[in-house]
Amino acid sequence: MSSSCPLCQQDGGQIVWQNTLARVVLADEPNYPGFCRVILNRHAAEMSDLSAQERHDLMNIVWAVETVQRKVLKPTKINLASLGNMVPHLHWHIIPRWHDDLHFPAPVWASAEAGRAIHAISDEQLNHLREQLEQLTP
C-alpha cells in the first residue's frame, strides 16, 4: 500500500465485486455508462510485477466484466485499456462504446465529436449490469 496512491487510499468507484486479488468498480464517468475498472487490491504498477498466476487471474476478471457488459448493454465495441500514466497503480478500464457516443471511434480520452449527445442507458440496464457484475465468476 502506498500512502500517496489514490487507488490504495480509495475504492476508485462503486465496488460491485471483489476478491482477495482485485475489485471491480463502476466508474463515475457519466458520459460513459457502464464504464468499469478492475483494480488490483495491492499496490503494483505493471502487469510484470505480478506472478504468472496473478496475471492470469486478473485478466480472467477483466474478460468476465467485458462478457457481462456485452451481454447486458450490447455496445458497439468494448475498449480495454491499462495506462497508469496518471495513477501508477495497476488497473484496467473496461469501457462499453457505442457508435453514437461522444468520442466514437476515437478513444474516450480524445476530444469529443461536435454535435453528439451523451449515449444513455436505462436505469434498468444499469441495475442489471450491477447485479450481473456482483455475481462474477472469473
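What follows is calculated from the coordinates using simple rules that are stated; it is not laboratory data. Since the model is a prediction, treat every value here as computed from it, not as a measurement. So basically every Cβ, Gly included, is an ideal-geometry build from the backbone, and we count neighbours across all protein chains shown.
Can you list residues from other chains, or at least 5 along the same chain, whose modelled amide H is less than 5 Å from the amide H of Thr76?
Arg97, Trp98, His99
Give the dimensionless ratio obtained when the Cα radius of gyration of segment 59-138 is divided by 2.2 N^0.38 Å.
Taking the Cα Rg and dividing by 2.2 N^0.38 Å, one obtains 1.18.
Once the Cα atoms of helix 52-73 and of the chain are each reduced to a long axis, what angle between those two axes, in degrees from 0 to 90 to the nearest 10, is obtained?
Once rounded, the angle reads 20 degrees.
Please compute one quarter of the surface area of the Cα convex hull for segment 6-134 and express it in square nanometres. Don't jump to the answer; show the numbers that get you there.
Numbers: hull surface 30.8 nm².
Averaged projected hull area, Cα only: 7.7 nm².
Could you give the dipole magnitude of the chain about its Cα centre, charging the beta-carbon of Lys and Arg +1 and that of Asp and Glu -1, in debye to the nearest 20? Before the final figure, lay out each step's value.
Working: 11 positive and 15 negative charges, 44 e Å.
It comes to approximately 220 debye.
Could you go through segment 38-43 in sequence order and give the Karplus-derived ³J(HN,Hα) for each residue, using 6.51 cos²θ - 1.76 cosθ + 1.60 with θ = phi - 60°, rounded to whole Hz, and x for Gly and Pro?
9, 10, 4, 6, 9, 7
Please report the antiparallel percentage of DSSP beta bridges with both residues in segment 6-134, rounded to the nearest 5. Could the numbers behind the result be given before it?
Numbers: 18 of 18 bridges.
Antiparallel: roughly 100 percent of the beta bridges in segment 6-134.
Just to check I understand the Karplus step: with θ = phi - 60° and J = 6.51 cos²θ - 1.76 cosθ + 1.60, what whole-Hz values come out for segment 80-88, glycine and proline as x?
10, 8, 10, 9, x, 5, 8, 10, x
Given a cut-off of under 8 Å on Cα pairs at least six residues apart, what relative contact order in percent is computed for the chain? Mind dumping the intermediate values first?
Numbers: 236 pairs, mean separation 36.3, N = 138.
That works out to 26 percent.
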